[in-house]
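The values are calculated or read from the model by the stated rules, or taken from the named source; none is laboratory data. Nothing here was measured: the structure is a model prediction, and the numbers come from that model. Every residue, glycine among them, receives a Cβ derived from its backbone with ideal geometry; neighbour counts consider all protein chains shown. Note: accessible area is taken over every heavy atom of the protein model, side chains too, but ligands, DNA and RNA are not part of it. Shrake-Rupley method; radii C 1.70, N 1.55, O 1.52, S 1.80 Å.
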Amino acid sequence: MTTLTSPHDLLAAIPFLIGYHPQNSLVLVALKDEAVGMAMRVDMPSDLQASGYDLLASHFLRDEVDGAFVVAYVGKGAVDPENVLINISAALVRAGIDIKESLIVRDNRFRSMLCSDLTCCPPEGSVVPDLDSSRIAAEHVIAGHPMPFESVDGLVQSIAAVPSSFESVWQDEVHAFWVSSDSEEIQELQRDGATAIIDLAGEYREGRGAEDRELAARVIGRLSDIQVRDFALGSHADESADYYWVMWRDLLRIAPRGFVAPVACLFAAMAYERGEGALAHKGLDRALGDDDQYSLAHLLRRVFTAGWPPQSFSAMRAQLHPKVVAAIFG
């Protein structure tokens, strides 16, 4: 995990932590054992009551953090966010969490609410450093993380449907692998779906991606079965997570209407485990846009909103997987 040593480091880390450069946002970053933990972004509150701030702070309690950084991003002409920072800081202190830094970012300048030294913290603020020149950015790029998007719109577009997903021929190919819950061959179809997931992941491991069109259609179509979807949820391990991540993102973009929800939930679950909370929620938006009654999407929304530690979610997924494997192949 990243270690922050200055406000410059903090401001450079936040876009990587949430996936894009925030605007009109309140961002809370957890500090655990001197390293950065989870990050949480909400729209800048306007009339939030004390209980609302306490609810935000409670998410950090679940993760047993030691301290927190709070940053308010406000636009030109916006109301000064000092009261918001005071209220969230008070809530964190009530929860026993130490405030390490409290910043206001406006018009590409930042100032600290905690620093009273005019030589390093002038009233007009200091210029936000370029991201490209940051040590934090270099560390993330070396680790294989993409550069953050300029706005949330870029984040949404990164998982939006591509034109080919609407082609009728492709829709028919995927639908040919749809699984009926009352099929007499249900277990055979489930085994076929689980095997297809393993085979397609192998294609991604070898760098071929979704070149096998029929195999990609088979995976997307078979995910219409809940058992196959649950098998997919637990099918990756630490060493395979990177290519599974790319696979689910690609399949999310090419999945035809009516088949998006399960793929989107798989992508959202992986995003959450990777600490990309904003992307996880946008994935769920795509799932619910495809099927507003999809139960797993609603369940994951509650889990993500409650601030479950990603490690706890990973542990739950790992415990479930052997049971699903037994049900399909046993």
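Key figures for this structure:
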read-out	value
Packing-based order for 252-265, 186-199, 279-292, using average beta carbon neighbours within 10 Å, highest first	252-265, 279-292, 186-199
Stokes-Einstein translational diffusion, the range 111-199 - Kirkwood Rh over all Cα pairs, 1.567 mPa s, 4 °C, in µm²/s	67
Longest to shortest principal axis, alpha-carbon extents of the chain, angstrom	74, 35, 35
³J(HN,Hα), Karplus 6.51/-1.76/1.60, whole Hz, each residue of the range 191-198, x for Gly, Pro	5, 4, x, 5, 5, 5, 4, 4
All-pairs Cα distance distribution in the range 232-308, expressed in whole percent, bin size 5 Å	3, 18, 30, 25, 17, 6, 1
Vicinal HN-Hα couplings computed from phi for the range 47-57 (Karplus, 6.51 cos²θ - 1.76 cosθ + 1.60; Hz; Gly/Pro x)	9, 6, 7, 4, 5, x, 5, 5, 5, 4, 5
Net +/- balance of residues flanking Phe177 in space, Cβ distance below 15 Å, scoring K and R +1, D and E -1	-4
Between 0 and 90°, nearest 10: helix 241-254 axis offset from the chain longest Cα axis	70
Alpha carbon Rg of the range 158-284, scaled by the compact-globule rule 2.2 N^0.38 Å	0.98
Calculated from backbone phi, Karplus (6.51, -1.76, 1.60) coupling profile of the range 102-117 in Hz, x at Gly/Pro	9, 10, 10, 10, 8, 6, 6, 10, 9, 9, 9, 7, 9, 8, 10, 7
Surface share of carbon and sulfur [accessible, 1.4 angstrom probe, percent] for the range 1-93	51
Prolate/oblate/rounded label for the range 1-152 (Cα gyration tensor, a/c 1.5)	rounded
Other-chain or far-sequence residues with amide H under 5 Å of Tyr20's (modelled H)	Phe149
Neighbour net charge for Gly207 - beta-carbon separation under 14 angstrom, K R +1, D E -1	-4
Cα-based reach from Lys32 at 19 Å (exclusive), listing lysines while leaving out same-chain residues under 8 positions away	Lys100
Nearest-ten-degree value, helix 310-329 long axis tilted from longest Cα axis of the chain	0
Per-residue SASA entry for Lys32, accessible area with 1.4 Å probe, Å² rounded to 10	60
Shape category assigned to the range 20-95 from the gyration tensor of Cα positions, a/c cut at 1.5	oblate
Cα-centre dipole for the chain with unit charges at Cβ (Lys and Arg positive, Asp and Glu negative), debye to 20	500
Residue-normalised accessible area of the range 1-120, given per residue in Å² at a 1.4 Å probe	48
Nearest-ten-degree value, helix 82-94 long axis tilted from longest Cα axis of the chain	70
Value of relative contact order over the range 175-238, rounded to a whole percent, pairs C-alpha under 8 Å and six or more apart	46
Size of the range 59-101 as Cα extents on the principal axes (Å, biggest first)	37, 17, 15
Using a Förster distance of 25 Å, the FRET efficiency for Ala326-Ile186 (Cβ separation, nearest 0.05)	0.95
For Gly37, distant residues with modelled amide H under 5 Å away	Ala30, Leu31, Lys32
Which of Ser235, Pro262, Val105, positive extreme of dipole for the chain (C-beta unit charges)	Val105
